[in-house]
Amino acid sequence: AMESKVVVFLVLFAFVGSIAGEQVKVEVKSVTSIGKTDDDFICATVDWWPENKCDYNQCPWGKAGLFNLDLKNKILANAIKAFDHLRLRLGGSLQDQVIYKVGSVKKCPHFKKREDGLFGFSRGCLPMQRWDELNKLFNDTGAKVTFGFNALIGRKKAENDTSLWVGDWNAQNARDFMKYTVSKGYKIDSYELGNELCGSGVSARVEAEQYGKDMIALKGIVKEFYPNATTQPQVLGPAGFYDEKWFNTFLQVSGPGVVDGLTHHIYNLGAGVDSTLINKVQDPYFLDQIAQTYKDISTSVKLFGPWSGAWVGEAGGAYNSGGKDVSHTFANGFWYLDQLGMTSTFNHKVYCRQALIGGNYGLLNTTTFIPNPDYYGALLWHRIMGKTVLSANHNGSPYLRVYSHCSKKTEGITVLLINMSNSTTFEVSVVNDLNLYPESVEMDLQGDALQREEYHLTPKDGNIQSDVLLLNGTPLKLTESSDIPAMNPELVDATLPITVKPDSFVFATLKGFKAPACA
């Protein structure tokens, strides 16, 4: 241990006096990984809400639902296309009240406000013409689509418990819908069953044993319509809040090879109307409280469903459409980018952000479609963070968060640094802890790459509640043809530490960093 202390001392000694700011040494364990995400980890949701979905005397959904979204909007298409495969999860609260106008279904009503309806709405119906239009957009933009089925068809409310729904799922409407989808050649990445019906439910609930049986039924239909195992859509569920006993039973009853993605939802910031929301997103102690849930669900997968993988299937941070002064601003990135990093370390495969558009938490502005800051954070992650997750630690301030993955397209690693302090600049040196050797032999991190690629994200005018994001000091604006702007890194001498300014996010690619886990 003596040698490593000397190394640290020399590293610090070299910087003293030459740089203002707090020096931090980040150790990346480069020999073995701690998790693997899917190739396409970033995902966004598109919801069913109509225009008259309102919370706290404001109606932030506009025309952003699956029924009324302007599918010909150029910015929308370009925003999806920029990812080169953006996962889109179609679903949300009203999905268990949607029927599909196909097969024997003749009537096709719209959602109407209804006091005694689930979530205050009556049933609605998806015409196949609208499904055709949606698929044109998905096909044109290369989206990877998850479609969520109505899981309440065929069930009825239990007599002694009005929130509990009992009976088998009636899969006929889903079958007809799937048959139509296949006949049209539409590509579907995955099918999900139900929304927030697990555990104690939100507006309704179904018992785990029953739900497990219904998943077996859904898997059977998928196998029937997609007999080729290599192109078969995955099956996901239960799309709700994690409850250990319920989830474990659900996996045991559905059994091996049925549930491909174990989806759970995250709204760990509380209500959108909470006036302390702006403080919560910048508080590392508060943000850490959800980590236990991620650890628990990855344990459930290990013990009861090793054939599946954990997905965050919907995460808006703050519920009831998000916070109107926070969820679309730069500040929300403290929560969102930290979530992407944290869930990866707990071996999650996909992270679906609520929402692509709509509510206060849309990645795109509900009316102008102009990307909000988190859109660009997600896009950068998607482009440069690879799927192999490495352990990264430091012993400095808790207000500096650090995550590390193998780089996506180059050699070496990419680190994400999040500075939640509004006053401290951190000077970060990244060292390679070859973790097979107990003496923790620290390697010269740079190897042969002389330059490091850095992406510094900061808010306009230093205002963390701005909707305008700066990349290396320049505002990210759509081009004249409504295209997503190029995002080019700054090249920095690789022997210098990474300067992480207060209230900023930094992605840095270290090409010369020799990580055996990434080879």
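The values are calculated or read from the model by the stated rules, or taken from the named source; none is laboratory data. Quantities reported herein were computed from a predicted structural model and do not represent experimental measurements. Cβ sites come from the backbone with ideal geometry, for glycine too, and all protein chains shown count toward neighbours. Please note that ligands, DNA and RNA were not included when accessible areas were found on the heavy atoms of the full protein model with its side chains. Shrake-Rupley method; radii C 1.70, N 1.55, O 1.52, S 1.80 Å.
Brief remarks follow.
- Burial ranking of peptide ranges 285-293, 146-154 (average Cβ count within 10 Å, highest at the top): 146-154, 285-293
- The distance separating the Cα centre of the stretch 292-317 from that of the stretch 82-153 comes to 25 Å.
- For the cross-link pairs Lys72/Lys324; Lys101/Lys179; Lys245/Lys302, the ones whose C-alpha atoms lie over 22 Å apart are Lys72/Lys324.
- Nearest 10 degrees, 0 to 90: helix 208-225 Cα axis against the chain principal axis: 90 degrees
- Distance between the 7 Å Cα→Cβ label points at His110 and Ser163: 3.2 nm.
- Area of His85 that stays accessible when all protein chains are in place (1.4 Å probe, Å², to 10): 90 Å²
- Among the listed options (i) 23.5, 78; (ii) 26.4, 95; (iii) 25.6, 77, the one matching Rg and Dmax of the Cα atoms in Å as calculated from these coordinates is (i).
- Under 26 Å from Lys511, Cα to Cα: lysines that are on another chain or at least 8 residues apart: Lys25, Lys29, Lys36, Lys349, Lys387, Lys408, Lys409, Lys501
- Helix 172-183 axis versus longest C-alpha principal axis of the chain: approximately 60°, rounded to the nearest ten.
- Positive contributions from Lys and Arg (+1) and negative ones from Asp and Glu (-1), summed over other residues with Cβ under 11 Å from the Cβ of Asn195, come out at -4.
- Residue-count net charge about Val492 - beta-carbon cut-off 15 Å; Lys, Arg +1, Asp, Glu -1: -2
- Using a Förster distance of 41 Å, the FRET efficiency for Asn228-Asn463 (Cβ separation, nearest 0.05): 0.20
- Taking a ≥ b ≥ c as the square roots of the eigenvalues of the Cα gyration tensor, the stretch 367-414 is oblate, since a/c reaches 1.5 or more and a/b is not larger than b/c.
- Looking at the stretch 21-158, the accessible area is 41 square angstrom per residue; that uses a 1.4 Å probe and ignores ligands, DNA and RNA.
- Per the chain, cysteines lacking a partner by the 4.7 Å Cβ criterion: Cys198
- Seen against the Cα atoms of the chain and their longest principal axis, helix 332-345 is set at about 90 degrees.
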